[in-house]
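To keep things clear, I will list the structure first and then write my remarks on it.
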Amino acid sequence: MKSRLHENRGFMKISINKAHFPVSVLGPGKRLGIWLQGCSIGCKGCVSQDTWERDPGRDMTVAQLLGWCRETATGGFDGVTLSGGEPFDQPQALAALLEGLMRWRTRSKLDFDILCYSGYPHATLQKNHAKILAKLDALIPEPYIDAKPLTHIWRGSYNQPLIPLSARGHRKYAPYLNTLADTAAKRVQTMLDGARVWYVGIPGRGDMVALESACKTRGVEFTQVSWRS
């Protein structure tokens, strides 16, 4: 009965904007990065506005996503980072994904951590999604506030804390709780996907506009960007 329940959860649909490996700017080490599609919060100044709209065309099964994770990270990795979009806007699918990741970790005797971003306040997540939080190793909650500066590593505005949630999370994230963003070797990665360029990470205020302007002076013009509606 238990295995049949797990199998059924694997067929649950989850809406994904993109997935990338390796990601090295959203958590410690070399990571699988998964961005969920759909966000009901819509923080002003968000650089990932392409992840806001719910799009059934981006649906896949949790089993398919877990299969991609296993096939992609065969050479070893340190963690999984979940972002969006808003992961907690798909709570059942998020729970199923986390359960699958935890089973993989246990059966394969791996030690990767799971970090999740959310624009919801920590108190709201504790009240509404305590069972999901129990499946995470670390959480970066609270809405992005454009008027507040970027100060600490992996966080967009200084109101956003880094919260370890498990023994593994405390062990892996304790050294970074107060690490300043300026100490990081890099904050943004670049990757190509056909005719599109993806920027992954936490840019500083004005960085993306400055990048767009610099590219334009060199004859490269962006026809569509995710940081502007």
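The values are calculated or read from the model by the stated rules, or taken from the named source; none is laboratory data. Please read these numbers as outputs of a predicted model, since none were measured by experiment. Note: ideal-geometry Cβ built from the backbone for every residue, glycine included; neighbour counts use all protein chains shown.
For this structure, a couple of remarks:
- Selected residue (only one of Glu71, Glu53 is free of Cβ contacts under 8 Å to residues at least 12 places away in the same chain, of a type in the set (Asp, Glu) and over 22 Å from Leu162 (Cβ atoms)): Glu71
- Residue within segment 118-133 that is at pLDDT below 95, among the hydroxyl-bearing types (Ser, Thr, Tyr) and within 25 Å of Ile202 (Cα to Cα) present: no
- Verdict on Ile145 being of a type in the set (A, V, I, L, M), in contact with a Pro (Cβ under 7 Å, 6 or more places away or on another chain) and either surrounded by 13 or more Cβ atoms within 10 Å (Cβ to Cβ) or over 16 Å from Leu82 (Cβ atoms) (or both): no
- Pairs meeting the criteria (first residue in segment 125-145 and at positive phi, second residue crowded, with 18+ Cβ neighbours inside 10 Å, beta carbons under 6 Å, at least 6 apart or on different chains) are Glu142/Gln160.
- The single condition among (1) surrounded by 14 or more Cβ atoms within 10 Å (Cβ to Cβ); (2) closer than 28 Å to His170 by Cβ that Gly76 does not meet is (1).
- Checking Glu212 against (1) surrounded by 13 or more Cβ atoms within 10 Å (Cβ to Cβ); (2) modelled with pLDDT of 80 or more; (3) over 20 Å from the mean Cα position of the chain (by Cα), the condition it does not meet: (2)
- Of all residues in segment 29-42, those being out of contact with any Asp or Glu (no Cβ under 7 Å at 6 or more places or on another chain) and surrounded by fewer than 20 Cβ atoms within 10 Å (Cβ to Cβ) number 1.
- Within segment 29-48, the set of residues being more than 23 Å from Tyr144 (Cβ to Cβ) and in contact with a Gly (Cβ under 7 Å, 6 or more places away or on another chain) comprises just one member, Gly29.
- Qualifying residue in segment 100-114 (condition: farther than 23 Å from Thr74 by Cα, of a type outside the set (A, V, I, L, M) and surrounded by 16 or more Cβ atoms within 10 Å (Cβ to Cβ)): no
- If the condition is being aromatic (Phe, Trp, Tyr) and in contact with a strand residue (DSSP E or B) (Cβ under 8 Å, 6 or more places away or on another chain), then segment 92-138 contributes Phe112, Tyr117.
- Flag if Leu26 is buried (at least 18 other Cβ atoms within 10 Å of the Cβ) and within 28 Å of Pro149 (Cα to Cα): yes
- Residue count for segment 157-197, restricted to those that are in a loop (DSSP other than H, G, I, E, B) and in contact (Cβ under 8 Å) with a residue 60 or more places away in the chain: 3
- Elements of type helices (runs of 4 or more DSSP H) in segment 1-114, at least 1 residues being modelled with pLDDT of 95 or more and over 30 Å from Thr183 (Cα atoms): 62-72, 91-107
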